[in-house]
1. In nm², what is the average projected area of the convex hull enclosing the Cα atoms of region 1-148?
2. Hydropathy first: keep DSSP H helices in the chain averaging at least 0.5 on Kyte-Doolittle, then drop any whose Cα extent along the axis falls short of 20 Å, and list what survives.
3. Protein chains only, probe 1.4 Å: how do Glu46, Glu144 rank by accessible area, largest first?
4. First measure r as the distance between the Cβ atoms of Ala94 and Ser137, then evaluate 1/(1 + (r/R0)^6) with R0 = 41 Å and state the FRET efficiency to the nearest 0.05.
5. May I ask you to evaluate 6.51 cos²θ - 1.76 cosθ + 1.60, the Karplus curve with θ = phi - 60°, for each residue of region 138-151 and list the ³J(HN,Hα) values in order in whole Hz, giving x for glycine and proline?
6. Using the Karplus equation 6.51 cos²θ - 1.76 cosθ + 1.60 (θ = phi - 60°), what ³J(HN,Hα) coupling, rounded to whole Hz, does each residue of region 119-128 give in order, writing x for Gly and Pro?
7. Among the lysines, select those whose C-alpha is under 28 Å from the C-alpha of Lys41, and discard any that sit fewer than 8 residues away in the same chain.
8. Within region 200-267, report the trypsin sites (Lys or Arg not before Pro) that DSSP leaves as loop and that have at most 14 other Cβ atoms within 10 Å.
Amino acid sequence: MFELLRLAARNILRQRGRSLMTLFAIAFGVVALILAGGFIKDTVDELGESMIHSQSGHLQVNRDGYREQGSRDPGAFLIREPEALRSRLAALPAVEEVMLRSVFSGLLNNGRTDWAIMGEGVEPAAEARLGTYINISEGRQLAESDPFGMLLGAGVAQALKLAPGDWVNLLANTTDGAVNVLEFEVVGIFQTFSKDYDARAVRIPLPAAQELLGDDGVHLAVLRLERTEATAAVKRAAQAVLAHDGFEVLDWRRLNPFYEQTVELYQQQFGFLVLVILLMVTLSVGNTINMNVYERAAEFGTMQACGAPRREIFRLILLESALLGLAGAMVGVVAGTGLALLISWIGIPMPPPPNSDIAYVALIRLAWWITGVSFLIGVLAPVVAALRPARRAARADIAESLRQAV
């Protein structure tokens with residue numbers, strides 16, 4: 001086997017021009033896969049982080065049944081001892097912060113017209129630390145010093161023609177069914193990744209929301225973690241701590257079904273891209289290998305005439321292709337990684353995605369599985385391309401092969 005390997009390496013070096021052409025085609029395919037896969041990974045990761053750090057947080061805890069029936073009777077699903085719950089959740093590993101929210105629907109009035117809204121009572125400082133993907137397009141963030149301040153989604157502000165400094169009336173039903181109205185000052189206008197959310201979203205301080213609803217309870221405990229990768233482990237720990245207490249723990253993937261649909265779409269696109277590039281590299285390399293095998297017919301005939309078995313001819317051609325694939329894949333991985341780092345350093349300006357008004361800068365994110373798949377394709381493509389020529393060369397008649405040298 002060692003002698004066969006040495007012979008294969010000598011044959012590759014003997015045909016330098018053709019070998020370099022084949023190596024370049026393999027490396028190009030590997031680079032294309034690394035860049036395309038890294039771009040898709042960045043798009044998916046950025047979408048997930050934008051959902052986490054603008055709306056949902058990493059995990060949310062609520063009363064059982066709140067998601068299904070809370071819109072009809074929100075008062076029945078209030079968390080009555082929120083600080084005790086916060087303390088229990090904050091003690092879990094990898095939990096950075098626990099914040100409380102009250103959720104309500106109501107009407108916002110600017111003195112001329114009403115607009116139906118979905119409101120959130122939030123803790124301003126904690127929400128500002130979570131909401132790193134929220135863009136304040138006008139005004140400023142809600143602060144603890146704004147007892148009756150309000151943040152408006154960009155769609156709400158546009159519909160009611162409101163700007164920072166304007167005063168509005170917010171009407172909502174209390175938990176016991178009465179109607180309550182409070183006046184708020186608009187301190188800022190925000191944008192998230194979702195235009196639909198911005199068209200209805202309103203945020204006010206949690207104490208103001210509790211006064212509006214006439215109840216000191218909250219609907220949600222939102223967890224911000226040290227890192228997104230810890231979500232599954234913290235979810236299991238939270239479920240264990242809250243077992244039999246009537247609480248439901250949901251992670252950000254469950255809270256954002258749009259993300260799962262997007263991931264599935266991009267995975268199918270990447271899979272199709274892998275097949276296309278595999279086919280392109282196989283056809284490109286296969287043409288070169290076919291020419292190489294045809295021109296060396298007399299060489300293979302001489303080897304058989306000297307006693308080399310047919311399977312050795314077959315193995316030699318496959319081994320040459322595998323060595324070329326290995327070299328090309330390694331060059332492609334190095335070049336692709338370098339290009340990915342360079343492109344990420346420069347950034348790729350992207351227009352706003354569908355259902356959003358916020359442009360962003362895309363990167364090429366490196367991941368071991370993308371690099372591994374790309375490397376594997378680079379190695380396998382020339383081997384697959386060499387199967388048919390190698391089989392034909394191994395089965396060729398000795399006399400016919402030797403006649404090629406005449």
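1. Working: hull surface 76.7 nm².
Computed as one quarter of the Cα hull surface, the answer is 19.2 nm².
2. Working: long enough: 16-51 (52 Å, 0.91); 257-295 (58 Å, 0.64); 310-346 (53 Å, 1.43); 368-395 (41 Å, 0.91).
Both cut-offs are met by 16-51, 257-295, 310-346, 368-395.
3. Highest to lowest solvent-accessible surface, that is Glu144, Glu46.
4. With a Förster radius of 41 Å, E is 0.80.
5. Taking θ as phi minus 60°, the curve returns 9, x, 8, 5, 5, 10, 4, 7, 10, x, 10, x, 9, 9 Hz for region 138-151.
6. Listing the rounded values in order: x, 10, x, 10, 8, x, 5, 5, 5, 5 Hz.
7. Qualifying lysines at Cα under 28 Å: Lys195, Lys235.
8. Values: sites: Arg200, Arg203, Arg224, Arg227, Lys235, Arg236, Arg253, Arg254; in loops: Arg200, Arg227.
In loop regions of region 200-267 (DSSP not H, G, I, E or B), the sparsely surrounded trypsin sites (Lys or Arg not before Pro) are Arg227.
The values are calculated or read from the model by the stated rules, or taken from the named source; none is laboratory data. Remember, predicted model here, so these are calculated numbers, not experimental data. Note that we place each Cβ from the backbone using ideal geometry, even for glycine, and neighbour counts take in every protein chain shown. Areas reflect the complete protein model, heavy atoms only, side chains present, ligands, DNA and RNA absent. Shrake-Rupley method; radii C 1.70, N 1.55, O 1.52, S 1.80 Å.
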